[in-house]
Amino acid sequence: MNLIIYIFLGIIQGFTEPLPISSSGHLLVFRNLFNTNIFNDLNFEIIVNFGSFLAILFIFRKDIIELITSFFKYLTNTESKNSPKIKANFKYCLMIIVATIPAGIIGLIFKNPLEKALNNVKIVGIAFLITALSLFVVKNIKGKKEDKDISFKDSLIIGILQAFAIVPGLSRSGSTLVGCLLRDFKRDTAIKFSFILYFPISIASLLLSIIDIFKAGISTNLIISYLAGLIAATIVTYFSSKWFFDIVKRGKLWKFAIYCIIIGLFTLFIL
């Protein structure tokens with residue numbers, strides 16, 4: 001039974017992580033719906049998040065390799081600075097760094113007190129409704145900006161919106177995608193920037209989480225269940241991401257807005 005539950009939770013994590021519907025908000029909803037310690041298993045939460053990370057990394061592997069290679073070539077090779085492509089990729093990396101700073105500051109200084117203060121199902125319900133409203137606002141925006149057009153101002157605004165996603169119910173992918181579209185990004189450009197921006201914060205969170213795993217320890221009885229959840233989260237995140245990208249390109253974000261309204265009202269008035 002534990003194995004089945006952990007696989008189910010891995011599927012839920014994998015499905016909700018890339019979507020603009022807040023995986024952390026869903027976790028809190030499930031904690032209130034079901035009286036089980038599994039939803040308070042920090043180790044498992046870290047492991048399935050790692051599964052989602054692997055899936056998104058695989059999808060954007062070529063972009064990540066190209067950006068990292070260009071970044072270090074620009075810094076270490078004088079001749080590379082004359083290459084328009086390397087210069088453009090270096091600038092793109094700088095934009096990602098700028099957009100990461102607000103969430104990094106909030107996460108390092110305020111993460112624990114904020115998470116305790118916001119661990120309230122009513123706050124999550126309101127956050128779901130805010131997510132729905134923001135998705136409705138940008139649903140028809142196509143935008144004109146490409147990768148080369150991203151400015152420091154764009155990056156900072158998107159980074160600030162990402163920092164708000166520390167509130168359960170405010171989706172990280174939703175917040176950054178909304179920010180990109182409001183700043184007139186093309187939909188393809190918005191998807192790429194939103195998900196490349198996912199990596200710095202995720203890597204930092206995973207590194208810090210490893211410390212938590214060592215402190216808590218892992219029960220040998222749960223290793224198979226954890227592994228099953230990890231595999232489920234990885235596979236489902238991959239297909240969920242691909243499906244989501246297609247929906248964004250077709251301008252169908254309103255579908256997620258309707259879902260967020262339903263779960264938001266359910267959370268506010270039934271839980």
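The values are calculated or read from the model by the stated rules, or taken from the named source; none is laboratory data. Everything numeric here is computed off the predicted structure, so don't read it as measured data. Because the Cβ atoms are built from the backbone with ideal geometry, glycine has one as well, and the counts that use them run over all protein chains shown.
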Q: Could you figure out which of (1) over 19 Å from PHE60 (Cα atoms); (2) aliphatic (A, V, I, L, M); (3) crowded, with 17+ Cβ neighbours inside 10 Å; (4) touching a residue at least 24 places away in the same chain (Cβ under 8 Å) isn't true of LEU161?
A: (4)
Q) Going by the structure shown, is ILE46 among the β-branched types (Val, Ile, Thr), part of a helix (DSSP H, G or I) and at pLDDT below 85? A) yes
Q: Could you grab me the full set of residues in segment 221-271 that are touching a helix residue (DSSP H, G or I) at 6+ places or on another chain (Cβ under 7 Å) and outside any helix (DSSP H, G or I)?
A: LEU253, LEU271
Q) Of the residues PHE239, PHE214, which is of a type outside the set (Ser, Thr, Tyr), farther than 30 Å from LYS122 by Cα and at pLDDT 95 or above? A) PHE239
Q. Only one of (1) buried (at least 18 other Cβ atoms within 10 Å of the Cβ); (2) touching a residue at least 60 places away in the same chain (Cβ under 8 Å); (3) within 16 Å of the chain's Cα centre (by Cα) is not met by PHE44, so which one is it?
A. (3)
Q. Of LYS153, LYS122, LYS142, which residue is basic (Lys, Arg), closer than 27 Å to LEU67 by Cβ, at pLDDT below 95 and surrounded by fewer than 24 Cβ atoms within 10 Å (Cβ to Cβ)?
A. LYS142
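Find the residue count for segment 247-264, including only residues that are surrounded by fewer than 17 Cβ atoms within 10 Å (Cβ to Cβ) and modelled with pLDDT under 95.
Initially, segment 247-264 is screened for residues surrounded by fewer than 17 Cβ atoms within 10 Å (Cβ to Cβ), giving 247, 249-252, 254-255, 258, 262.
Now narrow it down to the ones that are modelled with pLDDT under 95: 247, 249-252, 254-255.
The total comes to 7.
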**Q.** Of all residues making up segment 49-79, the number that are assigned to a helix (DSSP H, G or I), surrounded by fewer than 18 Cβ atoms within 10 Å (Cβ to Cβ) and polar (S, T, N, Q)
**A.** 3
Q) Of all residues in segment 160-192, which are in a helix (DSSP H, G or I), over 23 Å from LYS122 (Cα atoms) and touching an Asp or Glu at 6+ places or on another chain (Cβ under 9 Å)? A) GLY179, CYS180, ASP188, THR189, LYS192
